[in-house]
Amino acid sequence: MTSGRAETYPLRRREVVARLVADRGELLVVGGLGAPSWDLTAAGDHPLTFPLWGAMGGAAMIGLGLALARPTRRVLVVTGDGEMLMGLGALATIAVQAPANLAVVVLDNERYGETGMQATHTAGPTNLGAVAAGAGFPVVGDIFDQAQLEAALPRIRAEPGPVFFNIKVRAEDLPLVLPPKDGVHLKDRFRAALLGPAAIE
Amino acid sequence: MNSGAAQDWPRDIFDALAALDVRQVAYVPDAGHTELLARCAAARAVRMVLLTTEEEGIALLAGAWLGGERGVLLMQSSGIGNCLNMFSLARVCRFPLLVLVTMRGEAGEFNPWQLPMGRNAGELLRLAGVRVTRVDEAEQVGPAVAAAGRTAFAEPAGAAVLIAQRLVGVKSFDG
Ligand SMILES: Cc1ncc(C[n+]2csc(CCOP(=O)(O)OP(=O)(O)O)c2C)c(N)n1
């Protein structure tokens with residue numbers, strides 16, 4: 001296990017994610033594989049959350065397809081720094097499409113948590129917020145503490161985007177809280193909840 | 001309808017996609033898709049989504065389907081190699097995935113760097129659980145896309161149409 005500054009970051013991912021989806025209303029949520037999806041499940045499994053168990057590098061693009069299909073609904077992607085790093089090009093693709101209703105939030109623990117807490121590029125010189133800004137996201141922010149999180153929450157939930165926030169969270173191993181694993185079930189429950197039961201007949 | 005000489009297969013694809021109610025067109029450009037891309041870009045109901053790499057399109061179209069929209073993914077054969085792990089998303093969740101591939105690396109190809117994926121794209125798709133239809137005749141292209149799309153969206157499942165290089169034309173320079 002790598003040690004470094006991330007062990008001392010004040011924000012705790014479970015609490016951050018609970019705040020991100022609190023009183024979620026009409027929010028549609030995509031969770032990046034592994035820990036971000038477990039965090040979302042700990043905050044409350046929901047049919048309008050699509051938690052990934054794979055497809056590493058694809059979370060933000062799933063959010064884009066959904067945001068373009070349902071322009072009147074807010075779409076929130078919650079993913080990890082490792083997952084985002086595998087699909088950095090998605091940030092450019094999203095910026096070109098410029099969906100106002102999409103927010104991408106990275107829980108940046110500077111680690112590949114699922115695979116043994118190895119350091120990611122963000123433990124070194126890489127700054128995902130700067131990448132998103134360079135890709136062309138009009139709204140970008142870095143969050144290190146509770147006050148910044150509180151200020152960002154309404155922007156994540158409502159500001160015309162696309163919105164990107166990188167949240168530095170403590171590198172910590174947490175108990176697994178697993179969502180359903182069957183991909184067809186996850187897809188069908190999402191479509192039924194969003195589009196009505198006829199969508200899965 | 002086309003009664004003249006050469007069949008306008010890009011127009012036939014466009015008509016088939018319109019009939020399928022395809023709304024999101026995801027692509028990494030290929031010279032072979034030039035006319036189709038231009039037709040799609042001119043259609044008001046269609047959203048063109050330029051990708052940085054083909055695998056993005058698989059995730060995009062999964063999200064589109066979650067939101068109730070249909071899409072298509074356009075690429076050249078080398079793009080299949082960029083998609084392999086992301087095909088798992090479509091397969092495991094049984095998302096519809098309609099992929100139209102213009103082939104390179106076939107007879108007359110001058111660029112040897114196109115040969116590996118030109119030879120293997122079809123088999124890799126099959127291994128990834130995507131149904132594959134190959135078309136060598138211009139008048140087969142439109143019907144093949146219509147049929148592949150119908151099953152892809154009805155099943156739902158992955159379906160790819162591989163368009164032979166001889167229909168696309170053999171490039172004599174660049175990659
Ligand atoms: C294509 C692919 N490569 C590698 C893995 C292994 N893997 C699973 S989760 C993960 C780390 C994810 O890290 P991050 O997104 O930062 O999430 P964290 O657990 O740190 O919050 C990796 C490398 C995988 N599932 N798929």
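The values are calculated or read from the model by the stated rules, or taken from the named source; none is laboratory data. Because the structure is a prediction, the values reported are computed rather than measured. Ideal geometry is used to build each Cβ from the backbone, glycine not excepted, and the neighbour counts take in all protein chains shown. SASA here: full protein model, heavy atoms, side chains in, ligands and nucleic acids out. Shrake-Rupley method; radii C 1.70, N 1.55, O 1.52, S 1.80 Å.
For the charge dipole of the protein assembly as shown, defined by +1 on Lys and Arg C-beta atoms and -1 on Asp and Glu C-beta atoms about the Cα centroid, which residue among A:A135, A:A18, B:G108 has the Cα displaced farthest towards the positive pole?
Comparing the listed Cα positions along the dipole, A:A18 ranks first.
Please give the calculated 222 nm ellipticity per residue for chain A, where each DSSP H segment of at least 4 residues contributes -39500 (n - 2.57) and the sum is spread over every residue; nearest 500 deg cm²/dmol?
It lands at -11000 deg cm²/dmol.
When the label point is put 7 Å from the Cα of A:E26 along its Cα-to-beta-carbon vector, which residues of region A:162-193 have a backbone N closer than 20 Å?
Of the residues in region A:162-193, A:162-163, A:190-193 have backbone N under 20 Å from the label point off A:E26.
How large are Rg and Dmax for chain A when calculated on the C-alpha trace, in angstrom?
15.7, 51
Set the Förster radius R0 to 30 Å, insert the Cβ-Cβ distance between A:F144 and A:D45 as r into 1/(1 + (r/R0)^6), and round the FRET efficiency to 0.05.
Numbers: r = 29 Å, r/R0 = 0.97.
For R0 = 30 Å, the calculated efficiency reads 0.55.
Which helices of chain B meet both criteria: a Cα extent of 18 Å or more along the helical axis and a mean Kyte-Doolittle score no lower than 0.5, with helices taken as whole DSSP H segments? Don't jump to the answer; show the numbers that get you there.
On the way: long enough: B:115-127 (19 Å, 0.04); B:138-154 (25 Å, 0.54).
Helix filter hits for chain B: B:138-154.
Is the shape of region A:1-105 best called rounded, prolate or oblate, per the rule: a/c under 1.5 gives rounded, else a/b larger than b/c gives prolate, else oblate, with a ≥ b ≥ c the square roots of the Cα gyration tensor eigenvalues?
Details: a/c = 1.87, a/b = 1.27, b/c = 1.47.
Taking the square roots of the gyration eigenvalues as a ≥ b ≥ c, region A:1-105 is oblate.
What share of the DSSP beta bridges in chain B is antiparallel, in percent to the nearest 5? Mind dumping the intermediate values first?
Working: 0 of 24 bridges.
The answer is about 0 percent antiparallel.
In degrees, nearest 10, range 0 to 90: what is the angle between the Cα axis of helix A:146-158 and the longest Cα principal axis of chain A?
30 degrees
Kirkwood Rh over alpha-carbon pairs of chain B, then Stokes-Einstein at 10 °C and 1.306 mPa s: what D in µm² s⁻¹, rounded to an integer? Walk me through the numbers on the way to the answer.
Working: Rh = 15.9 Å.
Result for D is 100 µm²/s.
May I ask you to compute the full-extension gain from B:L84 to B:D15, defined as 0.36 nm times their residue separation minus their alpha-carbon distance, rounded to one decimal in nm?
Numbers: separation 69, 0.36 × 69 = 24.84 nm, distance 2.89 nm.
Stretched out fully, the B:L84 to B:D15 stretch lengthens by 22.0 nm.
Kindly report the accessible area of region B:6-167 per residue (heavy atoms of protein chains, probe 1.4 Å, no ligands, DNA or RNA), in Å². Could the numbers behind the result be given before it?
Values: 6280 Å² over 162 residues.
Ligands and nucleic acids excluded, the result is 39 Å² per residue.
Across the protein assembly as shown, what fraction of all alpha-carbon pairs, as a whole percent, falls in each successive 20 Å bin from zero upward?
Per 20 Å bin, starting at zero, the Cα-Cα P(r) for the protein assembly as shown comes out as 30, 53, 16, 1 percent.
On a 1.4 Å probe surface of the protein chains, which of B:D12, A:D23, A:D142 comes out largest in accessible area, and what is the full order?
Details: B:D12 25, A:D23 145, A:D142 65 Å².
Sorted by accessible area, descending: A:D23, A:D142, B:D12.
Between A:A151 and B:R166, how many nm apart are label points set 7 Å from Cα along the C-beta direction?
About 6.6 nm, to one decimal.
Please get the size of the charge dipole for chain B, origin at its Cα centre, with Cβ charges of +1 on Lys and Arg and -1 on Asp and Glu, quoted in debye to the nearest 20.
It works out to roughly 360 debye.
I'd like the carbon and sulfur percentage of the solvent accessible area for region A:5-200, probe radius 1.4 Å, heavy atoms only, ligands and nucleic acids excluded. Working shown, then result.
Details: 4050 of 7020 Å².
It is 58 percent, rounded to a whole number.
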